[in-house]
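Down below is the structure, laid out as structure tokens.
The values are calculated or read from the model by the stated rules, or taken from the named source; none is laboratory data. None of the values given here were measured: they were computed from a predicted structure. Here the Cβ is made from the backbone with ideal geometry for all residues, glycine too, and neighbour counts use every protein chain on show.
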Amino acid sequence: MDNFSSPPGYGRRYLTKPMTATSEEARKLLCRHGECVNQDAADWSGPFELPESLCKFYSEVGPKDIYVEGFGNATTIPSLRSLWDRQAGYRWNGLTNELIDDWPANWIVVADEGADPYIFDIETTRILFAQHGTGEWEADEIYPDINTMAACIATLGCVVLDSNSFDDDDCNINPACRIDAIDRLTKILTDKNHAKAIVEMAGWG
């Protein structure tokens with residue numbers, strides 16, 4: 001049976017059930033990059049009820065506007081209080097406040113890397129990833145849930161933090177860091193092909 005083995009944009013989806021990270025694992029990893037606090041659903045300012053999975057994520061993991069360094073742009077995971085405002089530019093035009101027609105109503109941006117969004121799909125509770133500036137949104141499933149997304153993003157950031165020589169003067173990533181990232185992600189996902197795909201998506205080669 002085939003499994004997830006290509007980065008987003010190749011049309012692959014999970015054909016076997018991947019392993020997922022716990023809220024405890026996600027919180028521990030994220031705390032290396034910033035503050036995590038338990039956040040109440042009352043902090044949500046959106047016009048519809050906060051999905052249960054997101055309610056649990058912010059209650060148990062609770063990232064508070066965390067910035068995770070990577071290769072190039074940092075990844076931002078907003079607090080619940082600012083989550084709805086972060087939909088500007090995706091769900092609606094940030095200048096005119098007009099709704100953007102091609103943005104699905106069941107998508108919520110839960111993190112972004114240089115405006116490339118990580119998207120929580122309300123219908124499936126899985127995480128999609130898309131690149132901005134392509135003319136239309138083409139999003140592929142990349143994580144099975146938001147805890148796993150947070151744990152994997154934080155893990156890549158930990159590789160950067162723990163390395164004394166992450167890249168060289170020509171911005172080439174140290175091959176040892178790439179191997180380290182794949183090994184760490186494989187421990188979370190228990191699937192080395194999926195781990196490699198995450199590393200490639202992050203631009204680590």
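For Ile119, state whether it is outside any strand (DSSP E or B), without any contact (Cβ under 8 Å) to a residue 40 or more places away in the chain and among the β-branched types (Val, Ile, Thr). Taking the combined requirement at face value, the residue does not satisfy it.
Taken as a whole, segment 81-100 holds no residue that is under 10 Å from the mean Cα position of the chain (by Cα), under 18 Å from Leu50 (Cβ atoms) and surrounded by 15 or more Cβ atoms within 10 Å (Cβ to Cβ). Output yes when any residue across segment 122-134 is touching a residue at least 40 places away in the same chain (Cβ under 8 Å) and under 18 Å from Ile66 (Cα atoms), and no when none is. No: zero hits. Residue-level analysis places Ile146 outside the set of residues that are without any contact (Cβ under 8 Å) to a residue 24 or more places away in the chain, over 16 Å from Trp204 (Cα atoms), within 11 Å of the chain's Cα centre (by Cα) and buried (at least 18 other Cβ atoms within 10 Å of the Cβ).
Could you please let me know if Ala111 is without any contact (Cβ under 8 Å) to a residue 60 or more places away in the chain, part of a loop (DSSP other than H, G, I, E, B) and aliphatic (A, V, I, L, M)? No, not satisfied.
Contact annotation: residue pairs with Cβ atoms under 7 Å, 6 or more positions apart or on different chains, pairing a residue in segment 15-26 that is at negative phi and charged (D, E, K, R) with a partner that is buried (at least 19 other Cβ atoms within 10 Å of the Cβ) and at pLDDT 80 or above, are Glu25/Ala151. Against the conditions (1) touching a residue at least 24 places away in the same chain (Cβ under 8 Å); (2) in contact with an Asp or Glu (Cβ under 8 Å, 6 or more places away or on another chain); (3) crowded, with 16+ Cβ neighbours inside 10 Å, Leu161 satisfies every one except (3).
Candidates Ala181, Ala176, Ala151: the one that is out of contact with any strand residue (DSSP E or B) (no Cβ under 7 Å at 6 or more places or on another chain), over 17 Å from Thr76 (Cα atoms) and buried (at least 23 other Cβ atoms within 10 Å of the Cβ) is Ala181.
The listed residues are Gly34, Gly70, and the only one of them that is of a type in the set (Gly, Ala, Ser), at pLDDT below 95 and either assigned to a strand (DSSP E or B) or under 24 Å from Val159 (Cα atoms) (or both) turns out to be Gly70.
How many of the residues making up segment 164-205 are outside any loop (DSSP other than H, G, I, E, B), of a type in the set (Asp, Glu) and in contact (Cβ under 8 Å) with a residue 24 or more places away in the chain? So the answer is 2.
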